[in-house]
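Every read-out reported here was derived from the displayed coordinates using simple, explicitly stated rules and does not represent laboratory data. Treat the numbers as computed from the prediction; the structure is a model and nothing was measured. No Cβ is skipped: glycine too gets one built from the backbone with ideal geometry, and neighbour counts run over all protein chains shown.
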Amino acid sequence: MTQTDLEKARRLVDMARSAEQQGHTEKSLAFFDDAIALIEHAMDFPLLADVLRWKGTVYRELGETEAASRCYKQSLAHAERVGAVGAKAHGFN
C-alpha cells in the first residue's frame, strides 16, 4: 500500500462517516466499500478493523443484523491478526 492509497482510504472513511451522520446510508456503505478495497490487502494495517466495524454499525442501524454480524466478526479477526488492541476491544464490545 502506498501513502497515497492510505490517504485516499482515510478520506473515504471520513466521507463515509459524514454520510452516515447525515442519514445517507447507501453512500456511507459505498464509501466504506471503496476504503476497504484500498486497504484490505495491507494485512498489517489496523484501520481495516475500524472500517469494518463502522460499516457493521451502519448495517446494524439499518436492521440488517446478519450483514452487521459479518462485518463485526471480520473486524475482530483482523484486529486479532494485526495485534490492534484498541480495535480488538471495540470488536468485543
Next on the checklist: So in region 1-53, with the set limited to residues that are outside any helix (DSSP H, G or I) and hydrophobic (A, V, I, L, M, F, W, C), which one is farthest from the chain's Cα centre (by Cα)?
Outcome noted: M1
Item to check | Counted residues, region 6-32 - those being small (G, A, S) and surrounded by 16 or more Cβ atoms within 10 Å (Cβ to Cβ) | outcome: 4
